[in-house]
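A.B. asks: I am attaching a structure below and will ask some questions about it afterwards.
The values are calculated or read from the model by the stated rules, or taken from the named source; none is laboratory data. Remember, it's a predicted structure, so these values are computed and weren't measured experimentally. Cβ atoms come from the backbone with ideal geometry, glycine included; neighbour counts cover every protein chain shown.
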Amino acid sequence: MQLTDPIIRAFRTDGVVMVANVLSDQSLRKVVAGIEAWVDERADELRAQGQISDAHRGAPFERRMALLHAQCPDMIAGLDIMHSRIPALFEFLHDEILLDAVESLIGPEITCSPIQHLRAKMPAHLENGGNEMVPWHQDAGVTLEDADATDIVTCWIPLVDASRANGCMEVMPGARALGHLPHVSLGGTTIRPDLLPSITPVAAECPRGGVVFLDKFTPHRGLPNTSDTVRWTLDLRFQRTGTSTGRPFHPAFPVRSRDASLVRRDHADWCRRWCEALESSRGRQTHRLEAYVG
Ligand SMILES: O=C(O)CCC(=O)C(=O)O
């Protein structure tokens, strides 16, 4: 879906825009089916090890992971995109409707950044729940300097309706004009508290099918999930092919080009590149942090 001029203008001015009804139900169903297959496998593995007693097969997508996590918080270990490498997620990185929207913002030569996440945000009341809370930061703070000149578009994609209650993001519209703000390590990578813009935050509620488009300088954070269900989301990043990603040691790859031969569609190759990169980049710094004494 191409974005309209008013939406593009809002993105450029505010650094954030929520667009409803972007993605097809069919694409999202395929992604969810791929995740469910991973959950089945992981639950079976933990049941065989005696770490869970009930795999809750048949429980709704937005409940099941909470039921499993309550039995074994380790259930979500290895879920993130680069570790689980779920084939349906790799396919979704090429989603034509999503890429049409991204093309409206950065043009037709599009590379998928390796900074990409699948998040299952647990209800905060669960024991070990709330660990997935992300403090105020800019995506520029979690990329290294080599990407300073790169326009990076974050696509935050709920797989279930995302509301304030289940822990959607809060964002600061208009703060992108401030550029890169120093980040420190304080309960996670976060904007130095004394430099946090005094802009009233807005809850970026977004229904399933919608996308929140975010500029790399827009401060945002994840709210706690006060519901009983799991807030499932993807956050993916795209940029012009040939620009630096800020994670030079992790694999980026073209997902759209006027020259179709440049687009990489080989899932096995993607898996191989991630395995090698994770091994060889062990211990590398990925966030840009300043020393801080509060
Ligand atoms: O999903 C969240 O709660 C936070 C997401 C986030 O920080 C990001 O996409 O950069």
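A.B. asks: For the condition surrounded by 20 or more Cβ atoms within 10 Å (Cβ to Cβ), at pLDDT 95 or above and either over 22 Å from residue 168 (Cα atoms) or within 15 Å of the chain's Cα centre (by Cα) (or both), what is the one hit in 42, 47, 57, 64?
C.D. replies: On inspection, the qualifying residue turns out to be 42.
A.B. asks: Search the range 161-181 for residues being more than 18 Å from residue 13 (Cα to Cα) and touching a Ser or Thr at 6+ places or on another chain (Cβ under 7 Å), and hand back the single one that is surrounded by the fewest Cβ atoms within 10 Å (Cβ to Cβ).
C.D. replies: Within the range 161-181, the match that is surrounded by the fewest Cβ atoms within 10 Å (Cβ to Cβ) is 165.
A.B. asks: Residue 200: more than 12 Å from the ligand (Cβ to nearest atom), more than 30 Å from residue 87 (Cα to Cα) and of a type in the set (S, T, N, Q), yes or no?
C.D. replies: It is true that residue 200 is more than 12 Å from the ligand (Cβ to nearest atom), more than 30 Å from residue 87 (Cα to Cα) and of a type in the set (S, T, N, Q).
A.B. asks: With the condition kept exactly as written, say whether any residue in the range 235-256 is out of contact with any Cys (no Cβ under 7 Å at 6 or more places or on another chain), small (Gly, Ala, Ser) and in a helix (DSSP H, G or I).
C.D. replies: Among the residues of the range 235-256, not one is out of contact with any Cys (no Cβ under 7 Å at 6 or more places or on another chain), small (Gly, Ala, Ser) and in a helix (DSSP H, G or I), which makes the answer no.
A.B. asks: While we're looking at this one, here's another question. Please specify each residue of the range 2-32 satisfying the condition of being in a loop (DSSP other than H, G, I, E, B), more than 20 Å from the chain's Cα centre (by Cα) and surrounded by fewer than 19 Cβ atoms within 10 Å (Cβ to Cβ).
C.D. replies: Matches in the range 2-32: 2, 4.
A.B. asks: May I pose another question? With respect to the numbered conditions (1) in contact with a strand residue (DSSP E or B) (Cβ under 8 Å, 6 or more places away or on another chain); (2) within 15 Å of the ligand (Cβ to nearest atom), which one is the sole condition not fulfilled by residue 182?
C.D. replies: Here residue 182 clears every test but (2).
A.B. asks: Now for a different question. On the given criteria, is residue 82 within 30 Å of residue 102 (Cα to Cα), of a type in the set (A, V, I, L, M, F, W, C) and part of a helix (DSSP H, G or I)?
C.D. replies: yes
A.B. asks: Run down 246, 294, 209 and say which single residue is closer than 29 Å to residue 185 by Cβ and in contact with a Leu (Cβ under 6 Å, 6 or more places away or on another chain).
C.D. replies: Being closer than 29 Å to residue 185 by Cβ and in contact with a Leu (Cβ under 6 Å, 6 or more places away or on another chain) holds for just one of 246, 294, 209, which is 246.
A.B. asks: Looking at (1) out of contact with any His (no Cβ under 7 Å at 6 or more places or on another chain); (2) over 25 Å from residue 21 (Cα atoms); (3) at pLDDT 95 or above, which one does residue 205 not meet, given that it meets all the others?
C.D. replies: Residue 205 satisfies every listed condition except (2).
A.B. asks: Residues of the range 205-262 being within 16 Å of the ligand (Cβ to nearest atom) and hydrophobic (A, V, I, L, M, F, W, C), which ones?
C.D. replies: Within the range 205-262, 206, 211, 212, 213, 214, 217, 223, 230, 232, 234, 236, 238 qualify.
A.B. asks: If you scan the range 166-220, which residues turn out to be polar (S, T, N, Q) and not in a loop (DSSP other than H, G, I, E, B)?
C.D. replies: 185, 189, 190, listed by residue number.
A.B. asks: Could I ask something else about it? State which residue is farthest from the chain's Cα centre (by Cα) when the search covers only the range 263-294 and only residues that are in a helix (DSSP H, G or I) and touching a residue at least 24 places away in the same chain (Cβ under 8 Å).
C.D. replies: Once the filter is applied, the top-ranked residue is 280.
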